[in-house]
Structures are given as C-alpha cells and as structure tokens.
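Let me begin by presenting the structure, written as structure tokens, before commenting on it.
The values are calculated or read from the model by the stated rules, or taken from the named source; none is laboratory data. Fair warning: this is a prediction, and the values are worked out from it, not measured in the lab. So basically every Cβ, Gly included, is an ideal-geometry build from the backbone, and we count neighbours across all protein chains shown.
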Amino acid sequence: MDVKARFNVADLGQADAQPMVFAHGFGCDQHMWRHVAPRFEDRFRVVLYDHVGAGGSDLGAYDPVRYDSLAGYADDLLLLCREMDLRDVVFVGHSVSGMIGVLAAVAEPERFAKLVLVAPSPRYIDDGTYVGGFSKADIAELLDSLESNYLGWSSAMAPVIMGNGERPELGDELTESFCRTDPRIARQFARVTFMSDNRADLAKVSQPTLVLQCRQDVIAPVAVGQYVADAIAGSRLVLLDATGHCPNLSAPDATAAAIAEFVSD
Amino acid sequence: MPPRLRSPSLSATSRPASGDADSNHALEDFLGALAGDDPERLYDRAPCGYLTTTADGLIAKVNQTFLTLTGYHRGHLVGARRFVDLLTAGGRIYHETHYAPLLQMHGSAREIALDVVCADGSRLPVLVNSVVELDGSGRPSAIRTAVFDATQRREYERELLRERQRAEESEAHAVALARTLQQSFIPPAHPRIPGLELAAGYRPAGSGAEIGGDFYDAFEVSANDWCLVIGDVCGKGVEAAVVTSLARYTVRAAAVRQSLPSGALATLNEVLLHHGSDRFCTVTVLRLRLQDRRWTATVSCGGHPLPLLIRRSEPPVGFGRPGSLVGLVDEPEFSDTTIELRPGDVVVVYTDGVTEARSPEGEFYDDERLVAWLAEHPGSADAVAEGILREVVEFQSGRPRDDIAVVAVAVPG
C-alpha cells in the first residue's frame, strides 16, 4: 500500500535519525505543525501526515466503518509506522491525536519511545465527578454548528474563503486545503472525537509522556490536562502560557521549547 | 475640444460647473450634514456588531450595535470576556478547531456561522468576519471582528438542510425499492437439480436506483424435467421492470403446458404483444430432461445469444438457432434444437451485458473473448459462472454499465 499518498506523508529531516511523528487534531491538517515541526528537522526524522479524510489525504480511502472509532485512526498510525519502518518513535499528537497516539502506544508499546500529548482530553463529556467540560447537549450543538458552517462552506464557497491570500507566504496548496473537509467526514470525525472515552487507556501507557496544557483552553481545560498527567504514571505536565486549544499555532516557541527539552532528556 | 474634466471634488469652493447641478448640490448638503458624524458615532451605529480583541481574543472594544443585539453592557465584556466565551459550547469547539487556526494561519476568516449566547441566555445566530492586525514585527496584535445578525438566513438554511435530508431519505428509499424489485427478477435461492450442478452470477448495473431488465429463472416442471430461462427486457426503469416480471412468470406458466421451449416463447410473444407496452425482450429457454439416465438439453432462442456448450477437449461452441425478438412481431420464428449432454459438459447462458461490456478504452468484451476465456478456464458450474462475472466486471474497471447475468449448468463426471 502507498501509505505516503494515503496519508499525504511529509518525510523530512534526517533520514537515519530517530523518527518524530506529528499528528494533527480535529479540524485542520498537518500544517498545524508548520511553526513547530521544522525546528526538529536538524536532529530527527520528522514525519507529518494527515488523517484519512483531512487535508491532502486520500479521501477515497475513507471508510465510515473503519473510522467509526478512534481505534481506526490508531490502526492507521501503526500502519504508517510499519510501512515506513519507523521504530523508537517520538509521537507528538495534538488534541484528539493525543488519544490516538495513546491507543497506538498501548497496542504496540515497543514501537514508541516517547509520547507528547498537546492539549489532550480522554473524555470531553462530563461524567459524574469527572469534568470534561461539555454536556451531551453541547456536543449535539457542535454537530449542528458543523452542519450550518459546512452549508456555507460548500465546495463552491471554500476556495473563496481560503484562497484569498492575505498571507501569501502560506502558498496556494495550503490555502486550498487547510481546514477544508468533506462535511460528512467532518461530522463523523467530530462525533467519534467528542463522544470518545479513553480514560481507562491512560493507565496502560508505559512510555515517558509529556502533557502540554494551555492556560486557557475551552476544549481541554487545565483540570483535564491534570487528569491525563495524573493517570499516566511518570508523565510530566507543562502548563504553557498560551490561550486557546492550538498552542502549536498561538505559542509555537513555548510549545517547541517544551517538546525539545523533553525529547533531549 | 471636449470640456476639461474636473476632479470630482465636493468641497464648497469647487462645485461642478455643469450637469446635474441641483442633485450634486443636494448630495453636497447631505455630506455636509454627515460631517457631524464623528468616528465614534460611525463606529457605534454601524449596521453590524463590531469587536476588537487582543490576539488572545480578550474583548478590548465593542460597538453599541453589538451590545444592542446581544443585550450585554459594555462593562460585562470589555477586559472581562473573550469572544469565544460568548459562543455556545458547539460554537466554542468550532471556533477553537477551525476559526482560530484559520485566523492564525491565514490572517482572516469570513462568513463563519456561529451562535452568540445573549445576556438573557437566548441565542443569536450570527455570521462573523475577522481580520488579524499585525504589529511592526509581523506578530498578531489585534483581531477585528464584524458580527452580522443571521437569524433569518439561518432559518432559511435550516429549511434547506431539512429539504436535503428529506431528499436523501427518499433517494435511499428509492434505491431500496429498486434493489428489492430487482431481486425479484431472479430466484431467491438456486433450486437443487438432482444430477446437475447449477450456478448463476447476477449483477445489476449502476448505482442501484435504476432497475435493469436482465432476469433468469430455473424451475422444475415435473420429475426429471427442468426449465432454465434467461432474458433481457429492453430499456430500464419501472416500465421495463413490470415487463420483466411479466416475462418471467409467463414463461413459468407456459412451460407447464408447452413441452417445447419454442412454444413457451410463442406464448410469451403473444402476451407481450397484447400487454400494450412497447417493450420487447430477448429470451432463451432451455429444457433439461433426464431420460434413461441421460440428460438432454432442448433450446429455443428468441433474439438472445445462443447457449455455449463446453465439452472436454473441444473448443466451446454455441448451439441452437437464432430466433426472433420476443414481443415485436405477430409471426415470430422460434425453433428447437436438442442435444445430448455428456458427463463433464457445461452449458452456459448469458445476457449481452457479458459480450457487449466495454472497457474504459471502448473495446467490446465480445464473443471471442468469452469463448477464449471459457476454453482456458474449464471448471465446475460455480467456477464458470463466478469467473465470467468477475472477468466482465474487471474488464469494465469495476463499473459495469449494463446488467450482467450468467447461468451455468454442468453434468458432473
């Protein structure tokens, strides 16, 4: 199988060095890492990819059955690692990809050396005393708002929104695809992401793990980051002085510095 | 010489000298009165909500229109809330996963649909445009956001969505109906013929919403006397489906009274002519009889490809004589041909979905390819029927444009 085309893989940095695999979260694509990943290219083999259904991935490979749970995405990550023969992997996952990495690392622990979970959440919906930050009704509302936005972002509209280059350095290829997804795929990915519950998987993680948490994040609040760090034995929690859910975009310096310190240990 | 064009200045000292002097004068007075509009007033009374936030989204400045739309007091918002805090939970997730990344990467975002939670808890559907201001070193310093009330537009969009969902449901319903109907053109399960192997391959064309006219049937007339039928009604759609069902059941009924296949075809011809439909069809009827422990096959073809006989160490060959199309003329010509089947013989009947299959390059699969394939792939009835179907679907790169039906009968031994 041509995994490079299927996942729109970018294979950068030092070919013989330890691999660092960067996975994007729900919403956009691998370009979320463009201010962070290049800083590791001098010492690592840097592998970026798009989940099937996002960015430049092979949309034809989208299978609603395979991708009806995060396990399908974790299988993809393992497939990618096997086909590219990546071992001793440092996995960096943003948002939902944190849990995708956790599932993959639990399934094939020998393949992963370290995990970096950026703004992770093992469960978004409140449950008893667990505070995930959202109610079930909130998630239903999200699916609804996706619907209304994708109505406006029909295939005819999207290029107008994305293509007007006020930041020309990003290039056409990026503006064409960034944050654009097939509405049906986005809806299923949203449902799979925000209905998931991976709290029980955290304790099974055996790799040294770094949890990067933003000071103000409406999707993954500080308490959730703390929960993840508490549940993974020996993990380290770093609170970034950043707001929002995407420190890889809003605070790339701090994000890269924290990762660099962790991977050079 | 044309008059020298004046610059379109509207200051008091340089009025246009000619043209619509009166209307220009009125416009000038109007603009003069507007000069009383200070920037604050322009800002506060703009016909859209207007917000300025820090790069982190903290509200630094907000106009009166936004406050009026949402019912907040300025003091509730400025320096206290972020724009994302004013959104519904679903909107917050959308903002953080799509809107904010887009702004950070692209510097602007337009026509994003969100719901603002107003001071009284009600929801205001809005469309939002934002641009990022950069400081001297190119870092984001502020975000300017225009907020448009989209209540009516959102209601209209919901109607569109409901209509789309309804359309999708009826399409799914139509597909299910077509599939069910199409499945009635073939026996629900192959009958077991003692002493013979029977196998079939059947694949309707297209996406499934359209009904094709290929059918086949295999049934017992009496002990050791079996009838095998394959046919193709011209055209597609509901009318073709009605004729297909009619054809299948007419042959079933006729075979009981008519011992020769040509008789069954003649009855079908008559029924179709009196049915009132313009549809005609091609049909092959094969009568398989066991007498004195030997199988015979009697065939009559009505405009249909001849059956092929595959006999060990002999090239596959058609048998029977071509006859008229069925349901077209008053005095059709149908004849019967009987052959004796030997152990190891395989008889194959098929529709033109096999031989008239076209490759993406436009080449026909044709009779020669079929005969060559059969010569190279001798096997059981199952292997032959499944093999031909697979071969023909692959020949068309997996996307057949016509129905395909293949039935194979083998004498074991």
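For residue B:160, indicate whether it is under 41 Å from the mean Cα position of the chain (by Cα) and within 9 Å of another protein chain (Cβ to nearest Cβ).
Judged against the criteria, residue B:160 is a match.
Could you count how many residues in the stretch B:203-226 are surrounded by 18 or more Cβ atoms within 10 Å (Cβ to Cβ), in contact (Cβ under 8 Å) with a residue 60 or more places away in the chain and in contact with a Leu (Cβ under 8 Å, 6 or more places away or on another chain)?
Qualifying residue count for the region: 3.
Quick check: anything in the stretch B:235-248 touching a residue at least 40 places away in the same chain (Cβ under 8 Å), in the same structural domain as residue B:392 (by TED's automatic domain parsing) and touching a Phe, Trp or Tyr at 6+ places or on another chain (Cβ under 6 Å)?
yes
Name the one entry in A:186, A:190 that is touching a Ser or Thr at 6+ places or on another chain (Cβ under 9 Å) and under 17 Å from residue A:142 (Cα atoms).
Just a single option satisfies the conditions, and that option is A:190.
Find all pairs meeting these conditions: Cβ atoms under 7 angstrom apart; at least six residues apart or on different chains; first residue within the stretch A:82-110 and within 14 Å of residue A:69 (Cα to Cα); second residue of a type in the set (Phe, Trp, Tyr).
From residues that are within 14 Å of residue A:69 (Cα to Cα), the pairs are A:96/A:26; A:100/A:73; A:101/A:91.
Residue by residue, here is whether (1) modelled with pLDDT of 95 or more; (2) facing chain B (nearest Cβ under 7 Å) holds:
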{"residue": "A:120", "(1), (2)": "yes, no"}
{"residue": "A:123", "(1), (2)": "yes, no"}
{"residue": "A:133", "(1), (2)": "no, no"}
{"residue": "A:147", "(1), (2)": "no, yes"}
{"residue": "A:157", "(1), (2)": "no, no"}
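Output the residues belonging to the stretch B:134-147 that are buried (at least 16 other Cβ atoms within 10 Å of the Cβ) and of a type outside the set (Gly, Ala, Ser).
The answer is B:140, B:143, B:145, B:147.
Does residue B:56 satisfy the condition of being under 46 Å from the mean Cα position of the chain (by Cα) and assigned to a loop (DSSP other than H, G, I, E, B)?
Yes.
Is the stretch B:262-282 home to any residue that is farther than 30 Å from residue B:343 by Cα, among the acidic types (Asp, Glu) and part of a helix (DSSP H, G or I)?
Yes, there is a match, as at least one residue in the stretch B:262-282 is farther than 30 Å from residue B:343 by Cα, among the acidic types (Asp, Glu) and part of a helix (DSSP H, G or I).
Yes or no, residue by residue, for (1) more than 20 Å from residue A:145 (Cα to Cα); (2) within 47 Å of the chain's Cα centre (by Cα); (3) modelled with pLDDT of 90 or more:
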position	(1), (2), (3)
B:39	yes, no, no
B:60	yes, no, yes
B:70	no, yes, yes
B:77	yes, no, yes
B:82	no, yes, yes
B:99	no, yes, no
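Scan the stretch A:122-148 and report the pairs whose first residue is at positive phi and whose second residue is of a type outside the set (Ser, Thr, Tyr), with Cβ atoms within less than 6 Å and a gap of 6+ or a chain change.
From the stretch A:122-148, the pairs are A:133/A:221.
Restricting attention to the stretch B:110-133, which residues are closer than 23 Å to residue A:34 by Cβ, surrounded by 20 or more Cβ atoms within 10 Å (Cβ to Cβ) and within 7 Å of chain A (Cβ to nearest Cβ)?
Correct list: B:112 only.
Within the stretch B:74-95, can you find the residues that are of a type outside the set (Val, Ile, Thr) and touching a helix residue (DSSP H, G or I) at 6+ places or on another chain (Cβ under 7 Å)?
Once the filter is applied, which keeps residues that are of a type outside the set (Val, Ile, Thr) and touching a helix residue (DSSP H, G or I) at 6+ places or on another chain (Cβ under 7 Å), the stretch B:74-95 yields B:74, B:87, B:89, B:90, B:91, B:92, B:94, B:95.
Go through the stretch B:204-228 residue by residue and tally those that are modelled with pLDDT under 90 and of a type outside the set (S, T, N, Q).
Count: 9.
Among the candidates A:228, A:224, A:211, A:218, single out the residue that is within 29 Å of residue A:146 (Cα to Cα), within 14 Å of chain B (Cβ to nearest Cβ), touching a helix residue (DSSP H, G or I) at 6+ places or on another chain (Cβ under 7 Å) and β-branched (Val, Ile, Thr).
Being within 29 Å of residue A:146 (Cα to Cα), within 14 Å of chain B (Cβ to nearest Cβ), touching a helix residue (DSSP H, G or I) at 6+ places or on another chain (Cβ under 7 Å) and β-branched (Val, Ile, Thr) holds for just one of A:228, A:224, A:211, A:218, which is A:218.
Considering the stretch A:23-55 alone, what residues qualify as being in a loop (DSSP other than H, G, I, E, B), touching an Asp or Glu at 6+ places or on another chain (Cβ under 6 Å) and more than 10 Å from chain B (Cβ to nearest Cβ)?
Passing the criteria: A:50, A:54, A:55.
Give the residue that is farthest from the other protein chains (Cβ to nearest Cβ), with candidates limited to residues of the stretch A:252-265 that are in contact (Cβ under 8 Å) with a residue 24 or more places away in the chain and in contact with a strand residue (DSSP E or B) (Cβ under 9 Å, 6 or more places away or on another chain).
A:265
Just to be sure, is residue B:94 of a type in the set (Phe, Trp, Tyr), at the interface with another protein chain (Cβ under 8 Å from one of its Cβ atoms) and either touching a strand residue (DSSP E or B) at 6+ places or on another chain (Cβ under 6 Å) or not in a strand (DSSP E or B) (or both)?
Here the answer is yes, as residue B:94 does meet what is asked.
Taking the criterion of being surrounded by fewer than 22 Cβ atoms within 10 Å (Cβ to Cβ) and touching a Leu at 6+ places or on another chain (Cβ under 6 Å), would at least one residue in the stretch A:243-255 satisfy it?
Yes; the residues of the stretch A:243-255 include at least one that is surrounded by fewer than 22 Cβ atoms within 10 Å (Cβ to Cβ) and touching a Leu at 6+ places or on another chain (Cβ under 6 Å).
Could you say whether any residue in the stretch B:319-336 is over 39 Å from the mean Cα position of the chain (by Cα), surrounded by fewer than 21 Cβ atoms within 10 Å (Cβ to Cβ) and in a strand (DSSP E or B)?
Taking every residue of the stretch B:319-336 in turn, none turns out to be over 39 Å from the mean Cα position of the chain (by Cα), surrounded by fewer than 21 Cβ atoms within 10 Å (Cβ to Cβ) and in a strand (DSSP E or B).
Quick test for you: out of B:296, B:284, pick the one residue that is closer than 28 Å to residue B:373 by Cα and more than 36 Å from the chain's Cα centre (by Cα).
Result of the check over B:296, B:284: B:296.
Consider only pairs whose beta carbons are under 8 Å apart and that are at least six residues apart or on different chains; among these, list those whose first residue lies in the stretch B:30-47 and is under 9 Å from residue B:63 (Cα atoms) and whose second residue is among the β-branched types (Val, Ile, Thr).
B:44/B:65; B:45/B:65; B:46/B:65
State all residues of the stretch B:80-91 that are more than 7 Å from chain A (Cβ to nearest Cβ) and either surrounded by 22 or more Cβ atoms within 10 Å (Cβ to Cβ) or in contact (Cβ under 8 Å) with a residue 12 or more places away in the chain (or both); if no residue qualifies, say none.
Within the stretch B:80-91, B:80, B:81, B:82, B:83, B:86, B:87 qualify.
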